[in-house]
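The values are calculated or read from the model by the stated rules, or taken from the named source; none is laboratory data. As the structure is a computational prediction, the values presented were derived from the model and not from experiment. All Cβ positions, even for glycine, are placed from backbone atoms using ideal geometry, and neighbour counts span all protein chains on display. The area values use the complete protein model at the heavy-atom level, side chains included, leaving out ligands, DNA and RNA. Shrake-Rupley method; radii C 1.70, N 1.55, O 1.52, S 1.80 Å.
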Amino acid sequence: MSLDLSDFIDALEDSPFQEIPVDLDVFLHDSQYLDQPPLSQIQRDLVEAMSQIYKQEDLVRIMGKREGEEHFKKYTKGEVILQLGKGSGKDHTSTIGCAYLVYKLLCLKDPARYFGKPPGDAIDIINVAINAQQAKNVFFKGLKGKIARAPWFAGKYDPKVDSIEFDKYITVYSGHSERESHEGLNLILAILDEISGFSMESASGNENAKTGDAIYKAFRASVDSRFPDYGKVILLSFPRYPGDFISKHYDKVVAEKDVEIKTHTFIINPDLPADLPENQFTIEWEEDHIKSYKTSGVYAVKRPTWEVNPTRRIEDFERSFVDDYADAMQRFACMPSYASDAFFKQKEKLEQAMCLHNPIDSFKRIEAAWQPKEDVRYFLHADLAQKHDKCAVAISHVEKWVEVRTFNDYTQVHPLVIVDAVVWWEPKKEGPVNLSEVKNWIVDFRRQGFHIGLVTFDRWQSFDIQQELKSVGIKADTLSVGKKHYEDLAMLIYENRVMMPHIQILLDEMSQLRIISDKKVDHPRKGSKDLSDAVTGAVYNAIAHTPRNLNQEISIHSWKSLKKDNQKREELEGVIVAPKATEEVREYLTNMGLM
């Protein structure tokens, strides 16, 4: 498009152009326009997809038949979904795309008429950030700076506090989720910046809450109603956790893709030999090559930071990967393994701990293979049901005391805990769980020969049931399970000092737990943590109330010994479900001298 055809185009009465638009290279690098350094190919594709709003016949008019048709097919997109690593230049690239779109609109004689609207009708663009500070200091600041430095735009715009008004009734707005939605705007482009940073669901249950999904639907509907053929919604974000908004949306539109596995080995200390295994740190990530989409008019990309931003190299992120591998994989490689606010950061450890069989059948009967151990005290915690919750009881005991190596060959003695079983009741249509059933089950548990050290309950309607248990000689008390109790359980899980039944509901609950505040761990609004609370309370009771016998033998704790003990235990019970040690765990324990 570098050939000057202005006189020829102006001579044509049906030409929609007041000025022939320059191509992206000229707009990017020429001193009359943005005068910017080169972009990567991914960044160039984003700019083209954001700004392509011309009809095919007009592209052919200014680019030629073959190139115009190819450009129209490749870049005329209604939705652009970009999972790009942090620091990939998303904001820089999107401000260029926005400026190029405004430029193309201004090159038209009458932009509104071009899209079939009344002459002089407004055309609006909006960038929606998570909060006011991000809206002002990131996208909008970058856009204003680029426009102010471009001589071509001089005299064609009027900057405001949170908008830029251009000639021909074109306005770019800076928006954020903390203000009311921009109803009434004639949106041709909506950029939803860091969309995965918005909450996934409303804490209050309000359907009108500013969740990621609600914001997307609102702006998608607004764009579709004003510019159904050429309007665009741009989703920009790095993924926060598996199944977050951008991850789900990306998977929703991709029909077929090839996945390429890539690796890179960092040399940790350049002063040491590079071929030393202990001086190497290898990372592995996936890159998608999309072959087809489920719907038309969609462009999606998922790439790590160093493959998008031409000014960054993978070596720049060595320290981040070495210091916190999981966090760096999420932020820079677009491969999250857990939610940023997840309580249990290592799901593989959680799954590893759930290696036992739950010896309770569907009728809540104890299987015959599970027999009480002599001289073992069992500790229970009950999370009592409210109207719509489950009522769960967990049983645990200290299996033995183990010597755990910490650092500099320093060792400490800690308990190894077995969560023997979990039983739960579901509320019925007629009402909540009958707590008499729970009390009777606990009494029957003791009747079968299990020595109960303590039963605790949360505070919800537990006074009466505690008194009834005390009347038959069972020690009962109140325990409100909180963050500190979960932290104790997490320590046991990460140190391989607890084994629990493999129950899918329990795994799902624990995987979804979130850190709400300094003092609280909770579940998502539509989730629950009834079984989790029961297990956490039972484990706490066991470690808090089981005294250590100073004369008993202390085992050297290792994954190998844990696995061996577990196999023996379950062979006796007639169940073989051995835990599987991952290579990462094996390597760690080997380095610690425990294998």
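Structure notes:
- Sole residue being under 20 Å from residue 237 (Cα atoms) and not aliphatic (A, V, I, L, M), chosen from 312, 319: 312
- Every residue from the range 416-452 that is more than 41 Å from the chain's Cα centre (by Cα), surrounded by 13 or more Cβ atoms within 10 Å (Cβ to Cβ) and either within 18 Å of residue 535 (Cβ to Cβ) or among the small types (Gly, Ala, Ser) (or both): 445, 450, 452
- Residue in the range 473-486 that is over 15 Å from residue 442 (Cβ atoms), of a type in the set (Gly, Ala, Ser) and surrounded by 20 or more Cβ atoms within 10 Å (Cβ to Cβ) present: no
- Selection within the range 141-170 - of a type in the set (A, V, I, L, M), within 20 Å of residue 26 (Cβ to Cβ) and either in a loop (DSSP other than H, G, I, E, B) or in contact (Cβ under 8 Å) with a residue 12 or more places away in the chain (or both): 143, 147, 150, 154
- Remark: residue 77 falls outside the filter, which requires a residue to be under 26 Å from residue 288 (Cβ atoms), among the basic types (Lys, Arg) and part of a helix (DSSP H, G or I).
- Test result for residue 123, in contact (Cβ under 8 Å) with a residue 60 or more places away in the chain, open to solvent by less than 10 Å² (accessible area, probe 1.4 Å) and either of a type in the set (Ser, Thr, Tyr) or in contact with a strand residue (DSSP E or B) (Cβ under 9 Å, 6 or more places away or on another chain) (or both): yes
- When residue 326 is tested against (1) more than 23 Å from the chain's Cα centre (by Cα); (2) on the phi < 0 side of the Ramachandran plot, exactly one condition is not met: (1).
- For the range 231-244, the criterion of being open to solvent by 50 Å² or more (accessible area, probe 1.4 Å) and of a type in the set (Asp, Glu) is satisfied by no residue at all.
- Residues satisfying the stated conditions in the range 252-283, i.e. over 17 Å from residue 319 (Cα atoms) and surrounded by fewer than 15 Cβ atoms within 10 Å (Cβ to Cβ): 252, 255, 256, 258, 259, 260, 261, 262, 273, 275, 276, 277
- Applying the set (1) open to solvent by 70 Å² or more (accessible area, probe 1.4 Å); (2) under 19 Å from the mean Cα position of the chain (by Cα); (3) more than 30 Å from residue 227 (Cα to Cα) to residue 288 leaves exactly one unmet item: (1).
- Residue, farthest from residue 248 (Cα to Cα), within the range 299-335, restricted to residues that are assigned to a helix (DSSP H, G or I) and among the hydrophobic types (A, V, I, L, M, F, W, C): 322
- Count of the range 226-283 residues which are in contact with a helix residue (DSSP H, G or I) (Cβ under 9 Å, 6 or more places away or on another chain), under 29 Å from residue 183 (Cα atoms) and of a type in the set (A, V, I, L, M): 5
- First in the range 290-312 and within 17 Å of residue 49 (Cα to Cα), second anywhere and surrounded by fewer than 20 Cβ atoms within 10 Å (Cβ to Cβ) and of a type in the set (S, T, N, Q), Cβ under 6 Å, 6 or more apart: 308/40
- Among residues of the range 25-35, those that are touching a residue at least 24 places away in the same chain (Cβ under 8 Å), of a type outside the set (Val, Ile, Thr) and surrounded by fewer than 18 Cβ atoms within 10 Å (Cβ to Cβ), counted: 3
- Among (1) open to solvent by 20 Å² or more (accessible area, probe 1.4 Å); (2) of a type in the set (A, V, I, L, M); (3) touching a residue at least 24 places away in the same chain (Cβ under 8 Å); (4) outside any loop (DSSP other than H, G, I, E, B) - the single one residue 369 does not satisfy: (4)
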